[in-house]
1. Considering the range 138-174 alone, what residues qualify as being surrounded by fewer than 17 Cβ atoms within 10 Å (Cβ to Cβ), in contact (Cβ under 8 Å) with a residue 12 or more places away in the chain and under 19 Å from ARG30 (Cβ atoms)?
2. Scanning the range 20-29 for residues that are more than 16 Å from SER156 (Cβ to Cβ) and in contact with a helix residue (DSSP H, G or I) (Cβ under 9 Å, 6 or more places away or on another chain), which turns out surrounded by the most Cβ atoms within 10 Å (Cβ to Cβ)?
3. For ILE121, are the conditions met, namely being under 14 Å from the mean Cα position of the chain (by Cα), buried (at least 17 other Cβ atoms within 10 Å of the Cβ) and assigned to a helix (DSSP H, G or I)?
4. State all residues of the range 1-20 that are under 25 Å from LYS144 (Cα atoms) and in a helix (DSSP H, G or I); if no residue qualifies, say none.
5. Can you name the residue in the range 175-195 that is in a helix (DSSP H, G or I) and among the small types (Gly, Ala, Ser) and is also surrounded by the most Cβ atoms within 10 Å (Cβ to Cβ) among such residues?
6. In the range 111-118, is there at least one residue being at positive phi, assigned to a loop (DSSP other than H, G, I, E, B) and free of Cβ contacts under 8 Å to residues at least 60 places away in the same chain?
7. Does the range 73-87 contain any residue that is of a type in the set (Gly, Ala, Ser), surrounded by fewer than 12 Cβ atoms within 10 Å (Cβ to Cβ) and either farther than 16 Å from SER165 by Cα or at pLDDT 95 or above (or both)?
8. Which of the residues spanning the range 31-54 are under 12 Å from SER64 (Cβ atoms) and in contact with a helix residue (DSSP H, G or I) (Cβ under 6 Å, 6 or more places away or on another chain)?
Amino acid sequence: MTARAFQIVDYPQRSPEWFHARVGRLTGSRAAAMLSSIKSGEAAGRRNLRVELVCERLTTLDQSPDFHSRDMERGQERESDAIALFEGATGELVQFAGFLSSTEHMAGCSPDGYLGDFDAIVEAKCPKAATHLEYLDRGAVPPKYLPQLRHNVWISGAEAAYFVSYSPDFPESLALSVVRIERDQLDIDEYEAAALQFLSEVDEEFERVAAMSNARCSS
């Protein structure tokens, strides 16, 4: 396993302390926006994320969109069942950590679980029935979740990731889907280069605004 370069901030996910630990950091849920691109110029999602992180560093307050849907709430409610079924199906014991805060970069992640000494991470989704069926048919990690897995493997140093989808509405034999993807399938070096370039841009923007603030205070 890659040498560990993070500290565990062991507060429950979605608690005030957990949100505070994430402030100003590139996280797995933000990875897709960071990687967004267009043919010319900078994608709006990437630009908005850069501004969001700068504002978080200036205010020390979480600036991420506060969006909740019934599907999201139902997924959170079922997550523990998904993990329990994953353990039963694989024989693995899933451990939990609130937030992995990188000791090298302004980044971190919150995997849904991990195996061993972060040998592998687990990401569990509990989508609506139609989406779960799509995942069953695909038999691979859905593209929309690859940025999150790449980011979380990068931070944790894990050698693999499990993508778990669970829907109790299906017959027992189809209720759980488990896909394992190896570290070398995720192009971690390429992802790290993109993440560090983005974080460098966030640093530059933050320093520019901080300098503007200092100039106003001294005038």
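The values are calculated or read from the model by the stated rules, or taken from the named source; none is laboratory data. Note that the structure is a prediction, hence the values are computed from the model and not measured. So basically every Cβ, Gly included, is an ideal-geometry build from the backbone, and we count neighbours across all protein chains shown.
1. Correct list: PRO142, LYS144.
2. First, pick out the residues of the range 20-29 that are more than 16 Å from SER156 (Cβ to Cβ): 20, 23-24.
After this cut, where a residue has to be in contact with a helix residue (DSSP H, G or I) (Cβ under 9 Å, 6 or more places away or on another chain) as well, the list is 23-24.
Working: VAL23: 17, GLY24: 21.
Going through the qualifying residues, I end up with GLY24.
3. Working: under 14 Å from the mean Cα position of the chain (by Cα): yes; buried (at least 17 other Cβ atoms within 10 Å of the Cβ): yes; assigned to a helix (DSSP H, G or I): no.
No: the conditions fail for ILE121.
4. TRP18, PHE19
5. Keep residues of the range 175-195 that are in a helix (DSSP H, G or I), which gives 183-185, 188-195.
Filter once more, keeping what is among the small types (Gly, Ala, Ser): 193-195.
Working: ALA193: 11, ALA194: 17, ALA195: 22.
Per the stated criteria, the residue is ALA195.
6. Yes; the residues of the range 111-118 include at least one that is at positive phi, assigned to a loop (DSSP other than H, G, I, E, B) and free of Cβ contacts under 8 Å to residues at least 60 places away in the same chain.
7. Of all residues in the range 73-87, those of a type in the set (Gly, Ala, Ser) come to 75, 80, 82, 84.
Those left that are additionally surrounded by fewer than 12 Cβ atoms within 10 Å (Cβ to Cβ): none.
Looking through the range 73-87, none of the residues is of a type in the set (Gly, Ala, Ser), surrounded by fewer than 12 Cβ atoms within 10 Å (Cβ to Cβ) and either farther than 16 Å from SER165 by Cα or at pLDDT 95 or above (or both).
8. Answer for the range 31-54, where residues must be under 12 Å from SER64 (Cβ atoms) and in contact with a helix residue (DSSP H, G or I) (Cβ under 6 Å, 6 or more places away or on another chain): ALA33, LEU49, LEU53.
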